[in-house]
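> Before I ask anything, let me first share the structure, which is written out below as structure tokens.
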Number of protein chains: 2
Amino acid sequence: MEEMKIERRLIMTPGPVGIDPRVSQAMSASILGQFDPEFTNIMNKTMEMIRASFLTKNQWSFPIDGTSRAGLEAVIASIVRPGDKVLVPIIGRFGHLLVELVERAQGEVHTIERPMGEVFDQEEIIEALDRVQPKVLAFVHGETSTGRMQPMDKLGKACKERGIFSVVDAVATYLGTVIPVDEWELDAVIGGAQKCLSIPSGITPITFNDRFAKEINKRKRVESGIRTADDAEDNPFITSNYLDLTQLQDYWSERRLNHHTEATVMMYGLYQGLRLALEEGVEKRAKRHEYHHTALKKALKALGLTIYSDNNHEMKMVTCVEIPENLDGEKFRSGLLKEYGVEIASSFGALHGKIWRIGTMGYVVQKMNIITFVTIFSAYLVNNGVEGLDPNAALSALFDYYENETY
Amino acid sequence: MEEMKIERRLIMTPGPVGIDPRVSQAMSASILGQFDPEFTNIMNKTMEMIRASFLTKNQWSFPIDGTSRAGLEAVIASIVRPGDKVLVPIIGRFGHLLVELVERAQGEVHTIERPMGEVFDQEEIIEALDRVQPKVLAFVHGETSTGRMQPMDKLGKACKERGIFSVVDAVATYLGTVIPVDEWELDAVIGGAQKCLSIPSGITPITFNDRFAKEINKRKRVESGIRTADDAEDNPFITSNYLDLTQLQDYWSERRLNHHTEATVMMYGLYQGLRLALEEGVEKRAKRHEYHHTALKKALKALGLTIYSDNNHEMKMVTCVEIPENLDGEKFRSGLLKEYGVEIASSFGALHGKIWRIGTMGYVVQKMNIITFVTIFSAYLVNNGVEGLDPNAALSALFDYYENETY
């Protein structure tokens with residue numbers, strides 16, 4: 001088989017996105033055994049950094065060895081027993097994924113839904129909590145399919161007061177905005193790798209508090225072959241071994257019970273990615289995302305495009321823009337990638353063919369990239385016959401902003 | 001947080017083991033989007049190479065984005081419905097893991113067991129198949145806890161004749177010995193990454209045939225949010241979404257249905273690891289493992305140690321050696337790692353403290369490493385007060401072999 005050859009890309013999608021060369025460098029370090037004290041030391045420090053990234057003191061802050069979906073499934077499959085009621089407020093495609101995961105766990109799903117492009121008022125969700133009285137509230141923080149960010153500062157507390165567990169899919173917003181897990185009293189939060197953290201997909205940082213841990217440990221089941229007569233067996237155990245958080249707790253603590261073989265090189269990448277993010281600072285990093293998001297929006301508006309559902313609780317790491325009329329959005333997108341190496345994203349369901357999603361996540365988010373993107377994107381639109389656009393105005397707006405504003 | 005600093009190691013365990021620098025180099029390539037044609041091209045070529053590595057024509061040959069255990073769970077959770085009978089012949093710790101996974105899938109487990117250090121005669125297993133009449137036979141090919149390799153050339157055919165599905169955990173033997181999946185008529189086989197393939201842990205190549213695919217697709221369940229009225233919903237669906245092989249088929253085929261975000265950089269590593277392995281050749285690679293395994297055994301015997309269950313269907317990639325009397329095996333092992341950077345493994349259960357397991361897997365298996373290992377290991381044993389050992393004889397035996405034998 002021929003040698004792999006990777007073309008240069010400017011990835012302006014909601015992930016996976018380009019990564020800092022220092023992450024690649026860290027990932028090229030040599031292998032350590034999984035119980036080598038040097039490696040368990042890296043594991044412990046990674047836990048510390050995950051805590052810092054989520055602004056939490058939660059002991060249980062560690063990665064799942066799988067993509068974001070594995071992190072979501074680990075949390076949901078561990079907390080939701082068959083028959084448990086779960087409320088899922090849906091604002092887009094990834095809300096449906098949570099429904100899917102609850103259904104797989106054989107929970108009883110209750111949904112409330114907002115039209116595409118909108119979010120819930122938190123009071124609406126709290127009212128539904130009172131009506132449904134679920135065991136778990138599970139929702140998406142940053143819904144990349146529509147580019148919305150669900151306000152959630154009151155939801156954790158509301159859940160706690162009602163004895164409900166809050167589960168937050170923060171895959172797309174993690175380290176692109178500030179998520180103060182303890183202050184907002186959220187019970188379990190799942191972050192993402194290949195988005196604003198900007199490391200390769202395949203490992204997923206999560207955090208959960210003691211209240212959540214106590215609940216899932218009612219289902220704890222010691223592995224066959226290690227189990228003793230004292231270990232309860234008749235509880236409704238978690239149907240996954242790989243994604244069983246109670247087993248992972250034994251692996252990610254002083255017990256270091258043998259479970260999977262931690263993904264060595266992905267751990268190196270996570271360590272380095274977190275290290276660089278914390279060096280920048282969680283707040284400063286959030287401001288960087290917002291700064292360039294604003295810059296991009298100004299440029300796209302000056303170009304003559306329409307921002308989708310503008311200023312309506314939008315994510316600061318995905319810009320949704322309406323596809324110009326009479327243009328085949330998919331053909332354009334594919335040409336932009338193939339001919340110029342620039343990748344943007346389409347959307348799902350009703351929004352497919354109506355909007356493009358332009359990601360500004362993590363390492364990618366820097367002036368040169370945004371300028372390059374706006375230049376190529378604008379010119380290629382004009383070249384594809386879209387009328388009434390002003391590429392010069394787009395670039396002017398961008399430079400004006402960069403010259404006059406800071407963060 | 002401080003910069004990560006990885007110490008030099010010679011990892012002589014049954015994994016994770018050191019990797020070829022060319023794998024690290026490939027893994028430092030820049031990120032591609034998951035649906036970028038350049039990336040899906042890499043995915044398709046990786047499937048081709050997985051087929052070649054398993055000597056199979058199976059279309060369904062792709063990796064699971066998780067460690068080996070995720071690959072095992074994906075296969076077992078997809079084929080075993082609640083109540084299904086599964087026969088698990090146990091020859092060590094990893095047989096118990098298969099039991100655990102079947103229990104989690106709520107299958108009905110039937111076991112037969114051989115004493116530690118032994119394997120089954122294939123006829124014994126076939127008799128048990130006739131007695132139990134299971135839906136699935138699941139067993140471990142290379143049982144690293146005892147260093148045994150279960151003969152299996154007749155088992156696939158025997159299962160097929162009886163309408164039973166054979167599932168093989170070949171995590172430890174994959175690409176360290178030849179596994180002719182089609183010739184042996186095995187239905188589903190799970191390989192490993194961080195062992196003889198010698199890439200980092202975190203991605204797991206599997207293969208399964210059309211007969212197996214047809215069976216698992218009876219449980220297919222289209223994801224919530226994409227499902228239509230035509231899609232059956234009342235079948236006993238797979239309780240995992242992440243590890244649902246029927247969904248993964250849609251992702252690893254022309255449909256490219258959105259599922260997880262493929263672990264980009266792990267894919268690069270898998271591509272390169274397979275490429276290097278196939279360049280060496282599956283048979284030649286197996287011979288290299290056997291050659292150095294033989295060399296190591298000769299050296300250890302000449303040193304004065306006793307090989308555990310010698311010549312009894314032993315794996316050619318793990319050498320089990322008895323711990324000298326009056327020596328604290330764990331303290332020695334820990335000192336060897338801490339002071340000299342050389343890592344060997346202990347074992348599990350009844351064998352813990354009785355044997356060490358010395359891995360010779362993948363890239364690590366080359367003359368300089370074996371010589372370095374024997375030198376340091378011998379001297380450190382003597383230095384720890386073990387009497388009656390002859391380090392010079394060990395080295396002589398090793399060099400005699402290397403000078404006079406080839407593969």
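The values are calculated or read from the model by the stated rules, or taken from the named source; none is laboratory data. From a predicted model like this one, the values you see are computed outputs, not experimental measurements. Glycine gets a Cβ as well: all are built from the backbone with ideal geometry, and neighbour counts include every protein chain shown. Just so you know, the surface numbers come from the protein's heavy atoms only, side chains and all, with ligands and any DNA or RNA stripped out. Shrake-Rupley method; radii C 1.70, N 1.55, O 1.52, S 1.80 Å.
> Apply the a/c threshold of 1.5 to the C-alpha gyration tensor of region A:16-55 and tell me whether it is rounded, prolate or oblate.
oblate
> Which whole-Hz couplings ³J(HN,Hα) result when phi for each residue of region B:306-316 is put into the Karplus expression 6.51 cos²θ - 1.76 cosθ + 1.60, θ = phi - 60°, listed in order with x for Gly and Pro?
10, 6, 6, 6, 4, 6, 9, 6, 7, 5, 9
> Of the candidates A:Glu262, A:Glu325, A:Glu108, which one comes out as most mobile in a Gaussian network treatment of chain A with C-alpha springs shorter than 10 Å?
A:Glu325
> Continuing with this model, one more query. Going 7 Å from Cα along the Cα-Cβ axis for the label, what nanometre distances separate B:Glu405 from the same residue across the other copies?
Once sorted, the set of distances for B:Glu405 reads 7.2 nm.
> Considering only protein heavy atoms, with the full assembly of protein chains and a 1.4 angstrom probe, order A:Ser334, A:Ser346 by accessible area, largest first.
A:Ser334, A:Ser346
> Name the residues whose placed amide hydrogens come within less than 5 Å of the amide hydrogen of B:Val342, ignoring near sequence neighbours (fewer than 5 apart) on the same chain.
Close amide H contacts, sequence-distant or interchain: B:Leu10, B:Leu337.
> Note down the relative contact order for region A:282-404 as a percent, whole number, built from C-alpha pairs under 8 angstrom at least six residues apart.
34
> So, in Å, what gap is there between the alpha-carbon centers of region B:239-295 and region A:122-180?
Taking the Cα centre of region A:122-180 as reference, the centre of region B:239-295 is 37 Å away.
> Still on this model: Under the convention of a label 7 Å out along Cα→Cβ, give the distances in nm from A:Glu339 to the same position in every other copy, shortest first.
Spacings between copies for this position, smallest first, are 6.8 nm.
> Taking chain A as a Gaussian network, where each spring joins two C-alpha atoms under 10 Å apart, which residue of A:Ala345, A:Ala286, A:Ala379 fluctuates the most?
In this elastic network of chain A, the residue with the biggest mean-square fluctuation among A:Ala345, A:Ala286, A:Ala379 is A:Ala379.
> Please list B:Arg114, A:Arg69, A:Arg22, B:Arg131 from largest to smallest accessible area, probe radius 1.4 Å, with all protein chains kept in place.
Accessible-area ranking of B:Arg114, A:Arg69, A:Arg22, B:Arg131, largest first: B:Arg131, A:Arg22, B:Arg114, A:Arg69.
> Next question. Mind checking the alpha-carbon convex hull of region B:322-380 and giving the volume per residue in Å³?
Expressed per residue, the convex hull around the Cα atoms of region B:322-380 is 86 Å³.
> On the full set of protein chains, 1.4 Å probe, figure out the accessible area of B:Lys160 and give it in Å² to the nearest 10.
Here the accessible area works out near 100 Å².
> Does region B:57-178 come out rounded, prolate or oblate, given a ≥ b ≥ c as the square roots of the eigenvalues of its C-alpha gyration tensor, rounded meaning a/c under 1.5 and, failing that, prolate meaning a/b above b/c?
rounded
> Let me ask another. How shielded is B:143-150 by partner chains, expressed as the average number of their Cβ atoms within 10 Å of its Cβ atoms?
That works out to 0 on average.
> Using only helices, what value at 222 nm comes out for chain A when you add -39,500 (n - 2.57) per DSSP H run of length 4 or more and divide by the total residues, to the nearest 500 deg cm²/dmol?
Calculated from helices alone, the mean residue ellipticity at 222 nm is -12500 deg cm²/dmol.
> May I ask you to derive the relative contact order of region A:204-344, considering only C-alpha pairs under 8 Å and at least 6 residues apart, and to give it as an integer percent?
Result for region A:204-344 is 11 percent.
> Put +1 on the Cβ of every Lys and Arg and -1 on every Asp and Glu Cβ in the protein assembly as shown; which of A:Gly92, B:Phe237, A:His110 then has its Cα farthest towards the positive end of the dipole?
Comparing the listed Cα positions along the dipole, A:Gly92 ranks first.
> Under a 5 Å amide H to amide H cut-off, with H placed in plane at 1.01 Å, what residues pair with A:Glu113 once short-range neighbours are removed?
Long-range HN contacts for A:Glu113: A:Ile90.
> Work out the length of the dipole vector of chain A about its Cα centre, built from +1 on the beta-carbon of each Lys and Arg and -1 on the beta-carbon of each Asp and Glu, and round it to the nearest 20 debye.
Taking the Cα centre of chain A as origin, the dipole is about 300 debye.
> I need to check one value: relative contact order of chain A, counting alpha carbon pairs closer than 8 Å and at least 6 residues apart, in percent.
22
> List the aspartates and glutamates whose alpha-carbon lies under 15 Å from that of B:Lys301, not counting same-chain residues fewer than 8 positions away?
Cross-link targets: B:Asp310, B:Glu322, B:Glu387, B:Asp390, B:Asp400.
> Which aspartates and glutamates have a Cα less than 12 Å from the Cα of A:Lys220, not counting those fewer than 8 places away in the same chain?
Here the aspartates and glutamates satisfying the reach criterion relative to A:Lys220 are A:Asp231, A:Glu233, A:Asp234, A:Asp244, A:Asp250.
> I've got another one for you. With θ taken as phi - 60° and the coefficients 6.51, -1.76 and 1.60, list the Karplus ³J(HN,Hα) couplings across region A:61-70 in order, rounded to whole Hz; mark glycine and proline as x.
Result, rounded to whole Hz: 9, 7, x, 9, 7, x, 6, 3, 4, 5.
> Could I ask something else about it? Among A:Ala170, A:Tyr291, B:Leu155, whose Cα projects farthest towards the positive end of the dipole of the protein assembly as shown, with charges put on the beta-carbon of Lys, Arg (+1) and Asp, Glu (-1)?
A:Tyr291
> Over the protein assembly as shown, average the accessible area per residue using a 1.4 Å probe and give it in Å², no decimals.
36
> Same structure again: From the label point of B:Arg162, set 7 Å from Cα along Cα→Cβ, how far away are the matching label points in the other copies, in nm, ordered shortest to longest?
Label-point distances to the other copies, shortest first: 5.3 nm.
> Under the 0.36 nm per residue contour assumption, what length would be gained going from the current alpha-carbon distance of B:Asp153 and B:Glu339 to full extension?
Working it through step by step, the gained length comes to 62.6 nm.
> Still on this structure, I have one more. Out of residues 5 or more away from A:Ile355 or on other chains, whose amide H comes under 5 Å of its own, with H placed 1.01 Å from N in the peptide plane?
The list, which skips near neighbours in sequence, is A:Ile323, A:Ser347.
> Then there is this: Pop out the ³J(HN,Hα) list for region A:351-367 in order, Karplus 6.51 cos²θ - 1.76 cosθ + 1.60 with θ = phi - 60°, rounded to Hz; leave Gly and Pro as x.
With the stated coefficients, region A:351-367 comes to 8, 5, x, 9, 10, 9, 10, 10, x, 10, 10, x, 4, 5, 7, 8, 3 Hz.
> Continuing with this model, one more query. What figure, in Å² to the nearest 10, do you get for the accessible area of B:Thr111 with a 1.4 Å probe and non-protein molecules left out?
70
> While we're looking at this one, here's another question. Return the subset of A:Lys5/B:Lys154; A:Lys160/A:Lys195; A:Lys5/A:Lys45 for which the Cα-Cα distance in this structure is over 31 Å, preserving the input order.
From A:Lys5/B:Lys154; A:Lys160/A:Lys195; A:Lys5/A:Lys45, over 31 Å: A:Lys5/B:Lys154; A:Lys5/A:Lys45.
> Given the whole protein assembly as supplied and a 1.4 Å probe, what does the accessible area of A:His352 come to in Å², nearest 10?
About 90 Å², rounded to the nearest 10.
> Based on the alpha-carbon gyration tensor of region A:21-278 and its eigenvalue square roots a ≥ b ≥ c, which shape applies: rounded if a/c is under 1.5, prolate if not and a/b is larger than b/c, or oblate?
It comes out oblate by the Cα gyration axes.
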